[in-house]
Amino acid sequence: MRISNYQARLLLLLALALNVFAARVARAADATSADSASAVAAEVDRSLDARFSTATAPPVGLADDATFLRRAFLDLIGKLPTSNDVLAFSLDPSTDKRHQLVDTLLADPAFGENWARYWRDVILYRRTEERALFTRTAVTDYLSKQFNQNTSWAQVATAFMTATGNVREDGSTALIMAQSGKPEDVTAEVARIFLGIQIQCAQCHDHPTDRWKREQFHQLAAFFPRVAIRPDRSGAQPTFHVVVNDQPFRFRRRTNNNNRYRGTLEHHMPDLENPSAEGTLMQPVFFVSGKTLPTGTRDADRRGALAEWITAPSNPWFAKAYVNRIWSELVGEGFYEPIDDMGPERECSAPEALDYLADQFAKSGYDTKWLYRTIMATAAYQRQSRSRRDFDEEPFRANCPQRLRGDQLFDSLVAALDLETRIPPRARGRGGSRQARDPRTVFNLAFGYDPSDPRGEIGGSIQQALAIMNSPFINQGISARRQDGLGALLRDNPQDNDALVELYLKVMARGPTDKETQTCLDYIRQVGDRTEAFEDITWSLVNSTEFIHRN
Amino acid sequence: MTVTVQHQSHVAVNKHRVIRRRDFLRSVAATGAAAGAVRWSDMLALHAAELRKQEKACILLWQAGAPSQFETFDPKPDHDNGGGTRAISTAVPGIQVAHKLPKTAEVMDKICLIRSMNSREGAHARASYLMHTGYLPTASVKYPTLGSTAASHLADPDFDLPSFVRVGGTRGGADAGLLGVEFNPFVLNDATRPPDNTAIATSSGRYRRRLGLLGRLDEEYAARGARQEVVNQGKLYDKAAKMVLSPRMDAFDIQRETDATRATYGDSPFAAGCLLARRLVEAGVTFVEVTSNGWDTHFDNDERTTELCASIDQPYAALLRDLEGRGMLANTLVVLMGEFGRTPKINARNGRDHYPRAFSAALAGGGVRGGQVIGGTSPDGANIEDRPVAVPDMLRTICHSLGIDADHENMSSIGRPIKVVDGGEVVTEAFA
């Protein structure tokens, strides 16, 4: 019997997998954390399962290993697993290999980077000041470090709320810079991101359906009046500093009218009848707990107190906002949707499960890696994926396909098509842009989206389709006239069947189904030219709907 | 609940479109029957013509950086604030413009000048956003830009080119926002060459073959449970493929114009943008935005506006003449404006700074009566003395010309109804 290249690889990988397995057993895992994660995951599943007893459609089954592997890779480190990863994982006989995989990926430095890019987008997509992009690199680096070190979410949130400093150097200034330091806009973003509450609806009028009153919004804004941003052109690159103004008249009015925001000592609620009047002086009050500070309090004490009150375990919204968001990213649907519009008047699809999980997250000391470990251990996470549910179906009966974010898709294309060495050097910005842009940034401009937007409403664009269909960069990757990439794959696998399996492993991180094998082999026969046919198959795979989703 | 409301409003919009499309098909069928046989190329031409008859188009010429009204449409030659800019007579007796716009002066009979634009926003990005959307930027609601609104109300969803094309980057100009990505602008950086990634690397036969294989493989993914994702992606790929394989793609190629026509527009990037805009509108595109950069003249205002005006004067006049000559002006609104005006006083660096309190804009075509001036400023240019036109008034006027219901409400993602234009009144004199 002839041993094909593919079978030989399987044997090789079997050995490799056993090695990996042995190494994992030997490594002392954080047993308590893992136990607590599994126990909490089981409890969440029990709570959700209770809802299906009367449901018309039962939950779908768990995803197979290859689907789980690709999902976990994309969710945690934002990259595709390699062919070897797929085979090794499929062959790993250990029963807890899914947990082990999650632990391995959480320890990968790419984990911090992936989620840093996510939160960078959460903050910067809502920027009302274009130059907040100055913080792009700094905020990504800052968050990447925090996530990899597993800094508690309370500490990270506190840093964003209390930041000062050069926005190009200190990434925690990004949230304030994104709203150019304006107290009302910063307040709205702090409430949206850290509490999941859209209190800014009450900025101009008492919200018709929410309990928050206009005054409460402006009382919250009263924690931020002394913050300002100051331009600085002294260095090689123009930048801004988030500064504090605790003294009257510290900043003189600039002569030109370019609307630079200056800090004020206290916040005033505008008079709607008379917008040019000073308005009503507001005392800082945190609307959730009702705690107050006197006017005249120094900035450091104001923002420090607010951060402390927001991140206190007695405030349930802080943990819920984070859990709801991460759950939505991982399972495909939030308990509340949109994910950043929660609050007592909003409908939660499974309140017991969310309350429990948020409570446990708070008890863990807002341990973010613990939360990933826990959610990814639930059946709700591990189920097969199905398109977004209809409204009459129970939530969480399946995982939900998520469109890859720009960074995830860029890395996936580079890996699937062996383009690492062919990434062009920093392309010069065109169209009057003074900034040189690297290919990833250019790609993100076309493919990125605001991660807070309801995922069901995020479609693609014609430009995106055109870029994958026709761009010279992608075409290089599809060409079989290369020494590496598809050229090498076809040379190493003279049998069409083998080549097809290898191509699917590389691009789709799974083997082809019988039907796909048939479709492709028919296609190859029909085209008559092996090279041309495989180029077409590769083109079809990277352009497929499955490729641009995490399933 | 939110999504349900939104879903319903989409259905309503779609229903509206379906009805209009049916009307259109009926009228084409009638024309075709009368003429006997209709060839495919004729059908294309007919299609575009029908679209123009029923659905208006708009070309927005955006002066990014905020143009000085003193050096364009509101010269003050008798005042110190005038900065030495002379006023010249135009084709319309009694109306004068800055001497830097001699060709525009010749087509004044087609232009309705508004000299009393005003707002409170003096920061570029926020003011650009305001002028494009009617709203200031907020983190919670993403307001749609004018072109996206026009595309969502007027364009035929089956049209094979993008309905909203932007030529040159418009910083702060916003995009489709809450209307959804299908109404986002198709952005071109350079009007002189075809858009990126529209040249296919294979024969069109092989391209179609690949699309066929893609469809078969996607069908298997749909069968595994991702039906909705595949349907949506399919729509997008149909549209993208239809576009690159469309015979109408020639509309993007201004080299196909005669030398004579190209000469009338001139050969600056803005001129190419104007010519491209005409070609696209002619092919059935609903909204084209062309940006002219560099109007932020904090330094050497006089010198720089001389160059800037020279770069727009000829193409602007040529565009209006060309549209008129082709019988397209009546249904194509051409708007020339920037985000605010510039200070009456010349600063120490011979420049003018930001001034949102009084500035000018120009409307032409689309039912607007040319040869008139609406509103006016004080002799020193510092204040509006007659008929102020606020930003919502302007946007309402544009909607009126295009037949868009400015009170139509879109649903934001948090379930808040957002009007196309909030407040304001149509400047009815513009159409009288």
For segment A:464-490, enumerate the residues that are away from chain B (no Cβ under 12 Å) and in a loop (DSSP other than H, G, I, E, B).
A:Ala480, A:Arg481, A:Arg482, A:Gln483, A:Asp484
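Conditions (1) more than 11 Å from chain B (Cβ to nearest Cβ); (2) more than 26 Å from the chain's Cα centre (by Cα), marked per residue:
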| site | (1), (2) |
| --- | --- |
| A:Asp492 | yes, yes |
| A:Glu502 | yes, yes |
| A:Leu521 | yes, yes |
| A:Trp539 | no, yes |
| A:Glu546 | no, no |
Criterion first (over 18 Å from the mean Cα position of the chain (by Cα), among the β-branched types (Val, Ile, Thr) and at pLDDT below 90) does B:Val38 satisfy it?
yes
In segment A:505-551, anything without any contact (Cβ under 8 Å) to a residue 60 or more places away in the chain and of a type in the set (Ser, Thr, Tyr) is listed as A:Thr513, A:Thr517, A:Thr519, A:Tyr523, A:Thr531, A:Ser540, A:Ser544, A:Thr545
What are the pairs, 6+ residues apart or on separate chains, where a residue within segment A:125-146 that is buried (at least 20 other Cβ atoms within 10 Å of the Cβ) has its Cβ under 6 Å from a residue that is aromatic (Phe, Trp, Tyr)?
A:Leu143/A:Trp119
Positions within segment B:187-196 being at pLDDT 90 or above and buried (at least 19 other Cβ atoms within 10 Å of the Cβ), in sequence order:
B:Ala191
Please give the strands (runs of 3 or more DSSP E) falling wholly within segment B:60-144 in which 2 or more residues are touching a residue at least 24 places away in the same chain (Cβ under 8 Å).
B:96-98, B:111-118
For residues that are farther than 16 Å from A:Asp453 by Cβ and touching a Leu at 6+ places or on another chain (Cβ under 9 Å), scanning just segment A:118-133, find the one that is nearest to the other protein chains (Cβ to nearest Cβ).
A:Thr128
Checklist (1) modelled with pLDDT of 95 or more; (2) buried (at least 20 other Cβ atoms within 10 Å of the Cβ) applied to B:Arg326, failing item:
(2)
Residues in segment A:377-393: is at least one modelled with pLDDT under 95 and away from chain B (no Cβ under 11 Å)?
yes
Pick from segment B:98-139 the residues that are touching a Lys or Arg at 6+ places or on another chain (Cβ under 7 Å) and within 12 Å of chain A (Cβ to nearest Cβ): which of them is farthest from B:Gly83 (Cα to Cα)?
B:Ala139
Working carefully through the options A:Glu329, A:Glu333, A:Glu345, find the one that is in a helix (DSSP H, G or I) and acidic (Asp, Glu).
A:Glu329
What's the number of the condition A:Gln382 fails, among (1) within 22 Å of A:Phe68 (Cβ to Cβ); (2) buried (at least 22 other Cβ atoms within 10 Å of the Cβ)?
(2)
Residue identified as among the aliphatic types (A, V, I, L, M) and closer than 17 Å to B:Arg224 by Cα among A:Ile524, A:Ile548
A:Ile548
When you scan segment B:381-403, do you find a residue that is in contact with a helix residue (DSSP H, G or I) (Cβ under 8 Å, 6 or more places away or on another chain), within 24 Å of B:Ala155 (Cβ to Cβ), assigned to a loop (DSSP other than H, G, I, E, B) and hydroxyl-bearing (Ser, Thr, Tyr), even just one?
no
Taking segment B:199-210 and the residues there that are surrounded by fewer than 19 Cβ atoms within 10 Å (Cβ to Cβ) and within 9 Å of another protein chain (Cβ to nearest Cβ), the one that is farthest from B:Ala272 (Cα to Cα) would be B:Arg206
Please verify whether A:Ser412 is at pLDDT 95 or above, buried (at least 21 other Cβ atoms within 10 Å of the Cβ) and assigned by TED's automatic domain parsing to the domain that holds A:Pro454, treating the condition exactly as stated.
yes
Could you please find all residues in segment B:411-425 being buried (at least 22 other Cβ atoms within 10 Å of the Cβ) and touching a strand residue (DSSP E or B) at 6+ places or on another chain (Cβ under 9 Å)?
B:Val420
Can you find even one residue in segment A:530-542 that is modelled with pLDDT under 95, crowded, with 20+ Cβ neighbours inside 10 Å, within 19 Å of B:Asp238 (Cβ to Cβ) and outside the structural domain of A:Ile193 (by TED's automatic domain parsing)?
no
Among the residues in segment B:143-159, are any facing chain A (nearest Cβ under 10 Å) and either under 14 Å from the mean Cα position of the chain (by Cα) or closer than 20 Å to B:Gly424 by Cα (or both)?
no
Counted residues in segment A:211-256 being buried (at least 18 other Cβ atoms within 10 Å of the Cβ) and at pLDDT below 85 come to 1
Would you check if B:Asp380 is in contact with a His (Cβ under 6 Å, 6 or more places away or on another chain) and surrounded by fewer than 24 Cβ atoms within 10 Å (Cβ to Cβ)?
yes
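Got a sec? Which helices (runs of 4 or more DSSP H) wholly within segment A:1-117 have at least 1 residues that are modelled with pLDDT of 95 or more? Full working, then the answer.
Working: elements: A:5-26, A:31-49, A:65-77, A:83-91, A:97-106.
Because the criterion is at least 1 residues that are modelled with pLDDT of 95 or more, the helices (runs of 4 or more DSSP H) in segment A:1-117 that meet it are A:31-49, A:65-77, A:83-91, A:97-106.
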Boolean, A:Ala321 is modelled with pLDDT of 90 or more and either outside any loop (DSSP other than H, G, I, E, B) or within 28 Å of B:Ser119 (Cβ to Cβ) (or both)
yes
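In the set B:Leu179, B:Leu217, B:Leu161, which member is touching a residue at least 40 places away in the same chain (Cβ under 8 Å), among the aliphatic types (A, V, I, L, M), under 30 Å from A:Asp390 (Cβ atoms) and surrounded by 18 or more Cβ atoms within 10 Å (Cβ to Cβ)?
The match here is B:Leu179.
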Filtering helices (runs of 4 or more DSSP H) wholly in segment A:134-193 for at least 2 residues that are away from every other protein chain (no Cβ under 14 Å) and more than 18 Å from A:Glu113 (Cβ to Cβ) gives A:153-162
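The values are calculated or read from the model by the stated rules, or taken from the named source; none is laboratory data. None of these values were measured; they are calculated from a predicted model. For neighbour counting, all protein chains shown are included, and Cβ atoms are generated from backbone atoms with ideal geometry for every residue, glycine included.
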